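K.L.:
Structure in structure tokens, see below.
The values are calculated or read from the model by the stated rules, or taken from the named source; none is laboratory data. Bear in mind that the values here come from a model prediction, so they are computed numbers and not experimental data. For neighbour counting, all protein chains shown are included, and Cβ atoms are generated from backbone atoms with ideal geometry for every residue, glycine included. Quick note on the areas: whole protein, heavy atoms, side chains included, nothing else; ligands and nucleic acids left out. Shrake-Rupley method; radii C 1.70, N 1.55, O 1.52, S 1.80 Å.
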Amino acid sequence: MSILLTNATLATMTDCYGLIEGGAVVMDGESIVWAGAMASLPAAYGDLPGTDLGGRLVTPALIDCHTHIVFGGDRAAEFEMRLNGASYEEVARAGGGILSTVKATRAASEDELLVSALARADQIIAGGAGTIEVKSGYGLTVADELKMLRVARRIGQLRPVTVLTTHLAAHAVPPEYKGRADDYVSEVALPSLHAAHAEGLIDAVDAFCERIAFSVAQVERLFVAAQNLGLPVKLHAEQLSDLKGAVMAARFGALSADHLEYLAQDGVDALAASGSVAVILPGAFYTLRETQMPPIAALRAAGVPMALATDCNPGSSPITSLTLTMNMACTLFRMTPLEALQGTTIHAARALGLTDRGTIAPGQRADLAVWEARHPAELSYRIGATPLYQRIFGGRLDA
Ligand code: DI6
Ligand code: FE
């Protein structure tokens, strides 16, 4: 079934914005077969059933390449605690933070987790996303990590969206392993990695490399195991301090290193050399009222592709809007609107190891977002708006 979209302002993202005024897109099944100016539309496509988009902006569907949308409970109380002066590290050390979400996640059934995760996925989708990465990391037992990953997979079966799942058992050391992070890696993180892989539940492996979480050496043990299973790796690196996690991740050819507020020049150079993507997460920076900015200018100068994601999670980034994330990246970090849109399309695809999406070009998946906008800078410029007009997923116009 072929469909023709006409009278569109295309931001193909193939070369910078790749703007085409008066553009058309031909979709066949789940794929794009042609995109360009209406004036050069091949005659063979002229008679297809068409939709006139009235000059509206069309971009690739957005890609949220870093989320933690499966979790139990919420952390509004912790939000209030921080407003009364406690730091993120103090909250974590007092048994709050990630661990309170772990408790609620363990107590929840798969179906309960699914209901709340679907609500968050629906918000991200309603903001124009066609692909969402979802991490485990709030179960921290073999069974509970598997439970989270199964819920994540079900989101992709129940909604018109591609879900990629990431194993993040090395997210926090649970209370029963306090002071025994190495034992946790041996007894939970590694066994859950093997079990989840055997069940086909993992697309990538991630870890939180930080003083309050796992050391570089501990993460390396996991990455070696991932490598042996043929799974790509990514890393929460340099969010709160410079442990040189990104340098290590680059040695493993990581798809991405994420957060990076404390990344130094050696980390920038390592990412540039390995071709890893720098995933910038302004929602967490904003929520934690961080002051240390990720080294955007250095990453730009080194040619490291930068992606943007919500990092949607109950503690440090309770945000489900990719366009607000783009606005924050521009306003807080001085990224340009072009970099912001590349960050949620072509570079986000790369951060997930996907080559079949992120641009509008023949052979790419027909995942598109039609916006109530005329120029792509509007997507970053507006604050808190959801200017989506229509979403197209796998060639299906499902509004
Ligand atoms: N870094 C973060 O910002 C989140 N996880 C991570 O590794 C925080 C997750 C949480 O606080 O629940
Ligand atoms: Fe995260």
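K.L.:
With θ taken as phi - 60° and the coefficients 6.51, -1.76 and 1.60, list the Karplus ³J(HN,Hα) couplings across segment 63-80 in order, rounded to whole Hz; mark glycine and proline as x.
P.N.:
Along segment 63-80, the couplings run 10, 9, 8, 7, 9, 10, 7, 9, 6, x, x, 8, 10, 4, 5, 5, 4, 5 Hz.
K.L.:
Taking each pair of different alpha-carbon atoms in segment 28-142 once, compute 1/r for the pair, average those values, and report the inverse of that mean as the Kirkwood hydrodynamic radius in Å to one decimal.
P.N.:
Working: mean 1/r = 0.0548 Å⁻¹.
Roughly 18.3 Å, rounded to one decimal.
K.L.:
Let me ask something else. On a 0 to 90° scale, report how tilted helix 110-126 is relative to the longest principal axis of the chain, with both axes built from alpha carbons and the result rounded to the nearest 10.
P.N.:
For 110-126 against the chain, the angle is about 40 degrees.
K.L.:
Only bridges whose two residues both fall in the chain count here: according to DSSP, what percent of them are antiparallel, nearest 5?
P.N.:
Details: 25 of 54 bridges.
Taking every DSSP beta bridge within the chain, about 45 percent pair in antiparallel fashion.
K.L.:
Sticking with the crude label model, points 7 Å out along Cα→Cβ, report the distance from Asp15 to Ser186 in nm, one decimal please.
P.N.:
Simple spin-label model gives 5.7 nm for this pair.
K.L.:
Just add up the charged neighbours of Glu21: K/R +1, D/E -1, any other residue whose Cβ is under 14 Å from the Cβ of Glu21.
P.N.:
Details: positive: Arg56, Arg374; negative: none.
Overall, the nearby charge balance is +2.
K.L.:
Still on this structure, please answer the following. Working from Cα positions, state the angle (0 to 90°, nearest 10) between the long axis of helix 216-229 and the longest principal axis of the chain.
P.N.:
That helix lies at roughly 50 degrees to the long axis.
K.L.:
Using a 1.4 Å probe, what is the accessible area per residue for the chain, in Å²? If you can, show how the numbers build up before the last one.
P.N.:
Details: 14440 Å² over 399 residues.
With all protein chains present, the chain gives 36 Å² per residue.
K.L.:
Long-range amide H contacts for Met335: which residues qualify at under 5 Å (H placed 1.01 Å from N, peptide plane, sequence gap of 5 or more or a different chain)?
P.N.:
The list, which skips near neighbours in sequence, is Cys330.
K.L.:
Counting only residues 5 or more places away or on other chains, whose amide H sits under 5 Å from the amide H of Leu19 once H atoms are built in the peptide plane?
P.N.:
Under 5 Å from the amide H of Leu19: Thr12.
K.L.:
If you take the Cα Rg of the chain and divide it by 2.2 N^0.38 Å, with N the number of residues, what do you get? Each step should come with its number before you reach the end.
P.N.:
Numbers: Rg = 20.7 Å, N = 399, 2.2 N^0.38 = 21.4 Å.
The reported ratio for this selection is 0.97.
K.L.:
For helix 98-107, what angle does its Cα long axis make with the longest principal axis of the chain, in degrees from 0 to 90 and rounded to 10?
P.N.:
Around 80 degrees separate the two axes.
K.L.:
Give me the lysines in straight-line cross-link reach of Lys103: C-alpha distance below 19 Å, same-chain residues under 8 apart excluded.
P.N.:
Excluding near neighbours in sequence, the set is Lys135, Lys147, Lys178.
K.L.:
Hey, another quick one. Just add up the charged neighbours of Arg120: K/R +1, D/E -1, any other residue whose Cβ is under 15 Å from the Cβ of Arg120. Could the numbers behind the result be given before it?
P.N.:
Working: positive: Arg75, Lys135, Arg154, Arg159; negative: Asp64, Asp74, Glu112, Asp122, Glu133, Asp311.
Cβ neighbours under 15 Å give a net charge of -2.
K.L.:
Follow-up question, since we're still on this one. Mean shadow of segment 247-399, computed from the convex hull of its alpha carbons, in nm²?
P.N.:
Average of the hull's projected areas for segment 247-399 equals 9.5 nm².
K.L.:
Based on DSSP H runs of at least 4 residues, each adding -39500 (n - 2.57), what is the mean residue ellipticity at 222 nm of the chain after dividing by all its residues, to the nearest 500 deg cm²/dmol? Before the final figure, lay out each step's value.
P.N.:
On the way: 16 runs with 145 residues, N = 399.
Estimated from H runs of four or more residues: -10500 deg cm²/dmol.
K.L.:
Now for a separate question. Please identify, among Ala213, Ala24, Ala198, the residue showing maximal mean-square fluctuation in a Gaussian network model of the chain using a 10 angstrom Cα cutoff.
P.N.:
Greatest mean-square fluctuation among the candidates belongs to Ala198.
K.L.:
Of Pro376, Pro232, Pro191, which has the largest mean-square fluctuation in a 10 Å C-alpha GNM of the chain?
P.N.:
Pro191
K.L.:
Highest GNM mean-square fluctuation, the chain, Cα pairs closer than 10 Å: which of Leu48, Leu201, Leu222?
P.N.:
Leu48
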